[in-house]
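For reference, the structure discussed in these notes is given below.
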Amino acid sequence: MGFATGSIYGGLALALVLIFKSTHHVNLAQGELAMFTTYVSWSLLRAGVPYWASFALTLAAAFLLGAGIHVLVVRRVQHAPVLTTVIVSIGLLIALNGLAGWIFQYTIRPFPSPFRADAWYGTSHFSSHELGMTLVTLATLALVYAFFRYTRLGLAMRATAINPESSLLVGIRVDDMLALGWGLAAVLGAVAGMMAAPIFYLEPNMMGGILVYALAAALLGGIENPWGAPLAGFAVGIVENLAGAYLVGTQIKLTVALVIIVVVLIFRPAGAFGRRTVARV
Amino acid sequence: MTRSVGLLLFASLIAAGSLGFFVSSYHLFQLTQFLVYAIALLGLNLLTGYSGQISLGHGAFYGLGAYATAIFLARGWLPYWAAVPSAGVVCLVVGFAFGLPALRLEGPYLALATFALAIATPQILKHDRLESWTGGVQGLYLEKPSPPHLLGEWLTADRWLYWLCLASVLAFYIVGLNLVRGRTGRALVALRDHPIAAAAMGIDVARYRSSAFAVSALFTGVAGALGALLTGFISPDSFTVFTSIDFLVGIVVGGIASVFGNFVGAAFIVLAPNLLGEISDAAPSAAYGLVLILFMILFPSGIAGAWRALAAGRPPKSTRSKAMTRRTTLMSTLIVLASGCQKTASHDAPGITATEIRVGQTMPYSGPASAYGAIGKASAAYFRMINDQGGVGGRKINLISLDDGYSPPKTVEQIRRLVEKDEVAFIFNVVGTAPNSAIQKYLNEKGIPQLFVATGADKWSDYKNFRWTMSWQPSYRVEARVYGKYINENKPDAHICVLYQNDDFGKDYLLGLQDALGPSYAEKVRKTASYETTDPSVDSQVVDLKASGCDTLVTAATPKFAAQAIRKVHDIGWTPLHFMTNVSISIGAVMQPAGPEKGVGIVSGAYLKDPGDPAFQNDPAVVQWHGFMQKYLPSADAADGNYVYGYAVSETLVQVLTQCGSDLSRENILRQATSLRGFKPSLALPGLELNTSPTDYRPFSQMQLARFNGRNFERFGPVINGE
């Protein structure tokens, strides 16, 4: 069970890392964005659109939403102090949560899983959905890695993240790369949301707690390291469950999980898999 | 130059001090709250603004200061004037202890560590082991400091506290200004902007940074202490991560690394929710989020940053806008924010005129509990319906329902406003144990009925000490006693597990089971597992409970978690005797999402009809309810049980008001509320009725057990009188 929820933490963590890598900001609204796009998918399904078609449409919508938010909102505070962007992402979080509650109401919605419950690969310990979800996360990770490593666009995005000024000089359209980053992150979030909803039930506060763990996972894995995020996600999921079951009981399991993460960070301040960057005066 | 500034300061101090005598106690509360936040924000700004260490966890220090003070006072160890500084010292030490390991962390990593602190704090405060100190989920009450006999009756406790806070603000701001304008401030700023260069110049990084943490914690801790004295009641869930986020919002809106910007930020935190509640009552959260974003786009360096830029004669750093537009936007924003303070003309009678009955209410329309806002919407719609039919005794019911975000300090503020500015007749159906606890004393002292509180905690039937406060729904504890009794009688050798929400709602079920099982509780209840509302899922708790070998399960969970539990219990092949809290037995909102076949056999103590239950399809009351929903709440989700609850409790209120006849004094309203005899709300289960008397403040003390058969809940057995 911890493994399965871990893959959701990992998926959302990957989205967080993606935005951080491209913009050096943590997007606290990532979870709510994921929840909102999952509601888009739910609306499509309710209108009768078949699952995979609505999945694809939702990803497209998520991309547009993410890129759109960057262009309309984030771009305007690009040159502001770091904390201003933090508050903007908090504002987005609150706004998306409120909008979802207003438009879609608060009753929980069951959400279908594309992995049939009685599929051949389901076992009593790992349901078919949990296994499928883990595979989807790993596949997404592979795709993201391939994108950054082997495509020109990915290269351009990496360059933008490392050195925006030089990238501009070389002719890379930095602003577009940033918007692309937001769009892709939103897509990853949507995937996480659509994988999570069948297990957790879709409702406006679905992703709140998941964001906390995803944030922890992203940082634990090293906020700049895309590989670290999903791995850390699994670790967080497992630790959370073990802590609750065997160590301290459920009353402070969240606390314990976070404390463990913080302790790890103290000993490895750039994350378990992160690299210490050398800064010059 | 300095002399005129000094004179100005002195004059404004005198003005501020005397202000306490001229404003209503509602505005005084707001002012004092504003001062408290100003100190808290100064603390955070020292750390995050000047020292550059992001803290998403200052709510924890605020809460720590509050709890330290409450404990010192509750145990009688210290009087208030020593308790508050001592709480500050406690926070200083804890802040330093936290600051030391935090030295290793930078930027987002530090933010996460402080975030972890914010999340951990309510959990630790609620823990069983600390319950005897912290009061656990029930919280702690604080006495307002009693004023010295200086000005006789003129110096009320409220005004005295206001003066104390004013003095504290003065003291802290003088210290703060000295810090930031002196060597320390320069060192901190150097450390923030160029840490390596600063270290190379000989600035002791470790000392300055951890001291910054310690001092910042001290400031915010004292603010928390004063805030606790102001509200009079604290509970663990008053200090969630949202408190920390509010503080962060405050300092950024006011202006990072600005001393006076904190006042603007504090005003924003106090006033913005109220204003937004008036602008948009449909989605105040969405409005608040949008306002934040707009604010940051317009004023990226906060108000202080914009002011500085204007004073220096150039447009502030932002995208293409002229300085004039800037100035006007700035001024109009401030004016709009300040306008929340305006008084309206006062009326004659307390809430009653020839044409209307004014009813006051707060609801969590924003924030983590906003799902319950549906209750307020249902009540508002019900009263609209009654008004359309002519009202009660020729008078229309005017429900004034304000947002409190489920935050007790906000509830206190809004209730004071309702009583003093809007002059309502009484308070009706406020949601939540903590919010109601915070206002109980105030309302009882003023003789204002606090009717039909929307929580099932058992403490609302204390007619001896709080005769103006009354509950409505069956108490959770009584419900759990009914389950315990059933187990005793029908399954005496049961092994019981309990899944419960880690707050007063969930824990009341444990207490009720203890009541019913008595000494055999320890051996019968094999294992309990709790969850937080921020947990994504309870699946792992269910798996653990099954592993302990129980054959009986009591689940005290809200709808989402209840549905998860029902589904998981079935999916892992567990078939216990499963009791479910009647909060989560709605067929549309819980049983169907879980999968109707998975909930077969679930037992609950129902008291209301479920419109989603096929057995009630043709029931006249349910048909009427559907018609009401279609006409007055067409866009609402009828599967949401809150709309049934709101309808039923509003119907009860109308009964009380009708019973009042022409005498709508507060005394008579209370008298009629305590004289309900055999009243059957139309949506109550057949056979159940409400009864109250001056010594029985439990309107709904009956329920009937029902078992889910895959389609509906079949009632069985007799109507049970929980006591």
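Buried surface for the A/B pair, taken as the accessible area of each chain alone minus that of the pair with a 1.4 Å probe, is close to 5800 Å² in total. One decimal place: the segment residue B:4-residue B:491 gains 167.1 nm when fully extended, by the rule 0.36 nm per residue minus the C-alpha distance. Amide hydrogen proximity for residue B:399: with H placed 1.01 Å from N in the peptide plane, the residues at 5 or more positions away or on another chain lying under 5 Å are B:359. Accessible surface of residue A:41, taken over heavy atoms with a 1.4 Å probe and every protein chain present, rounds to 0 Å². At the residue level, residue A:155 shows approximately 100 square angstrom of accessible surface with a 1.4 angstrom probe and all protein chains present. Sites count as exposed loop sites when they are chymotrypsin sites (Phe, Trp or Tyr not before Pro), lie in a DSSP loop, and have at most 14 other Cβ atoms within 10 angstrom; the longest stretch of chain A without one is A:122-281. In the distance distribution for segment B:3-338, Cα-Cα pairs more than 30 Å apart total 37 percent. Per-residue SASA remark: residue B:495, around 60 Å² accessible (1.4 Å probe; ligands, DNA and RNA not included). Simple point charges give the picture: +1 on the Cβ of Lys and Arg, -1 on the Cβ of Asp and Glu, and for chain B a dipole about the Cα centre of about 2000 debye.
Computed 3J(HN,Hα) for segment A:192-205, one whole-Hz value per residue from the Karplus formula 6.51 cos²θ - 1.76 cosθ + 1.60 where θ = phi - 60°, is 4, x, 6, 7, 7, 4, x, 7, 9, 6, 7, 7, x, 9, glycine and proline marked x. Once backbone amide H atoms are built at 1.01 Å from N, residue B:554 has B:497, B:498, B:499, B:579 as its partners under 5 Å, excluding neighbours fewer than 5 places away on the same chain. Only helices enter the 222 nm calculation for the protein assembly as shown: every DSSP H run of n ≥ 4 contributes -39,500 (n - 2.57), and dividing by all residues gives -19000 deg cm²/dmol, rounded to 500. Report the calculated FRET efficiency for residue B:654 and residue B:144 (r = Cβ-Cβ distance, R0 = 30 Å), to the nearest 0.05. Computed FRET efficiency for residue B:654 and residue B:144: 0.25.
For chain A, the solvent-accessible area works out to 40 Å² per residue, with a probe of 1.4 Å and every protein chain left in place.
Where in chain B is the longest stretch that carries no chymotrypsin sites (Phe, Trp or Tyr not before Pro) classed as loop by DSSP and with at most 14 other Cβ atoms within 10 Å? Could you put the intermediate results ahead of the total?
On the way: sites that count: B:77, B:716.
Of all site-free stretches, the longest is B:78-715.
Since only B:136, B:572, B:42 are under comparison, the one whose Cα sits farthest along the positive direction of the charge dipole of the protein assembly as shown, derived from C-beta charges on Lys, Arg, Asp and Glu, is B:42. If only the Cβ of Lys and Arg carry +1 and only the Cβ of Asp and Glu carry -1, the dipole of the protein assembly as shown around its Cα centre is close to 2640 debye. Think of each Lys and Arg Cβ as +1 and each Asp and Glu Cβ as -1; about the Cα centre, that makes the dipole of segment B:124-173 roughly 120 debye. A simple spin-label model places the labels of residue B:197 and residue B:388 7.0 nm from each other, with each point 7 Å out along Cα-to-Cβ.
Summarised in one figure, the compactness ratio Rg/Rh of chain B, Cα atoms and Kirkwood Rh, is 0.99. Accessible surface ranking for B:539, B:158, 1.4 angstrom probe, highest first: B:158, B:539. Using C-alpha pairs under 8 Å with a sequence gap of at least 6, the mean separation divided by the residue count of segment B:3-338 gives a relative contact order of 30 percent. The value of relative contact order for chain A, using C-alpha pairs under 8 Å at least six residues apart, is 37 percent.
Note that segment B:56-68 has calculated 3J(HN,Hα) couplings of 9, x, 5, x, 5, 5, 4, x, 4, x, 5, 5, 4 Hz, one per residue in order, obtained from phi through the Karplus relation 6.51 cos²θ - 1.76 cosθ + 1.60 (θ = phi - 60°); glycine and proline are x. Placing pseudo-labels 7 Å out from each Cα toward the beta carbon at residue B:13 and residue B:104 gives an inter-label distance of 4.6 nm. Here is the P(r) of the protein assembly as shown: all C-alpha pair distances, binned every 10 Å from 0, give 2, 11, 20, 25, 21, 14, 6, 1, 0 in whole percents.
Among the listed pairs B:507/B:631; B:485/B:568; B:464/B:560; B:546/B:609, give every one whose C-alpha distance is greater than 30 Å. Pairs exceeding the cut-off: B:507/B:631; B:464/B:560; B:546/B:609. Among bridges DSSP assigns within the protein assembly as shown, what percent are antiparallel (round to 5)? That works out to approximately 35 percent antiparallel. Each residue of segment B:561-574 was assigned a 3J(HN,Hα) from its phi angle through the Karplus expression (A = 6.51, B = -1.76, C = 1.60, θ = phi - 60°), giving 6, 4, 4, 4, 5, 4, 5, 5, 3, 5, 5, 8, x, 9 Hz with x at Gly and Pro.
Here each label is just a point 7 Å from Cα along the line to Cβ, and for residue B:572 and residue A:47 those points are 4.0 nm apart.
What longest region of chain B stays clear of trypsin sites (Lys or Arg not before Pro) that DSSP places outside H, G, I, E and B and that have at most 12 other Cβ atoms within 10 Å?
B:76-319
Taking every alpha-carbon pair under 8 Å whose residues sit at least 6 apart, chain B reaches a relative contact order of 11 percent. Normalised per residue, the accessible area of segment B:589-723 is 39 Å², obtained with a 1.4 Å probe and no contribution from ligands, DNA or RNA. The Rg/Rh ratio for segment A:2-267, using Cα coordinates for both the radius of gyration and the Kirkwood hydrodynamic radius, is 0.97.
The values are calculated or read from the model by the stated rules, or taken from the named source; none is laboratory data. Here the structure is a predicted model, which is why all the values come from computation and not from measurement. Using ideal geometry, Cβ is built from the backbone for each residue, glycine included, and neighbour counts are taken over all protein chains shown. What goes into the accessible areas is simple: the full protein's heavy atoms, side chains included, and nothing from ligands, DNA or RNA. Shrake-Rupley method; radii C 1.70, N 1.55, O 1.52, S 1.80 Å.
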